[in-house]
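All remarks here apply to the structure that follows.
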Amino acid sequence: MKTVFTVVAGLALAGLPRVGEPRAETAPLSVSLADPAWTGDKIPAGQQCTKFGGQSPMTPALKVEGLPAGTVEVLVEFNDDDYYDLSYDGGHGIIAFTAGPGAAVLPAVPGESRDMPPGVRIAQKNRATGSYARPGYLPPCSGGNDHGYFAVVKAVDGNEDILAEGRVTIGRY
């Protein structure tokens with residue numbers, strides 16, 4: 001006798017959230033840019049990808065408030081709102097920071113690099129291809145075509161379940 005298992009994508013049992021979904025009872029995270037050079041308007045000069053003249057580009061430092069109990073890591077998914085292939089799920093890369101409950105300032109980390117400071121790791125490299133492909137986080141790289149960039153910030157527990165989520169506008173390039 002052959003046993004057949006049917007998997008139903010996204011099924012949540014007993015009212016528990018699916019992996020990768022925020023819990024309903026959790027308030028959203030408050031996320032803001034923590035470096036005055038990053039205003040959420042224009043990407044600061046030199047912080048675009050090196051393909052278009054960037055000079056040691058870095059992620060923006062972020063202030064995150066409202067990290068709930070159980071938080072062990074904060075994931076920052078960088079995206080380009082105007083280029084579909086890189087507009088979701090960390091198209092420009094996902095950086096993970098060790099953090100606990102409360103508030104945290106996530107430091108700026110290097111773009112186009114595999115080397116991260118202690119307590120920081122590349123959770124997923126960017127999905128850029130061809131001459132745009134770079135290791136790790138891909139800084140804004142539209143060639144000055146006025147694309148909008150944003151980050152989705154997620155507090156996760158030790159099982160990588162999302163406890164809370166927020167979003168911040170990084171700027172246009």
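Give the calculated FRET efficiency between K63 and T98 to the nearest 0.05, with a Förster radius of 22 Å applied to their Cβ-Cβ distance.
0.85
Quick check for you: which residues of segment 73-112 have the amide N under 15 Å from the point 7 Å beyond the Cα of A45 toward its beta carbon?
Under cut-off, by backbone N: nothing.
Please give the per residue accessible area of segment 58-173, computed with a probe of 1.4 Å over protein heavy atoms only, in Å².
Values: 4800 Å² over 116 residues.
Solvent-accessible surface per residue comes out at 41 Å².
Taking 0.36 nm per residue of sequence separation and subtracting the Cα-Cα distance, how much length would be gained by fully extending the chain between R167 and S113, in nm to one decimal?
Values: separation 54, 0.36 × 54 = 19.44 nm, distance 2.37 nm.
Difference between extended and current length: 17.1 nm.
Measuring from label point to label point, each 7 Å out along Cα→Cβ, what is the A133 to D146 span in nm?
3.2 nm
Starting from the 7 Å offset along Cα-to-Cβ, what nm value, one decimal, do you get for the label separation of Q55 and S87?
Calculated label separation equals 3.3 nm.
The values are calculated or read from the model by the stated rules, or taken from the named source; none is laboratory data. Small disclaimer: the values here were computed from a predicted structure and weren't measured. Counting neighbours? That spans all protein chains shown, and the Cβs are built from the backbone with ideal geometry, glycine included. Just the protein is used for accessible areas: all its heavy atoms, side chains included, with ligands, DNA and RNA removed. Shrake-Rupley method; radii C 1.70, N 1.55, O 1.52, S 1.80 Å.
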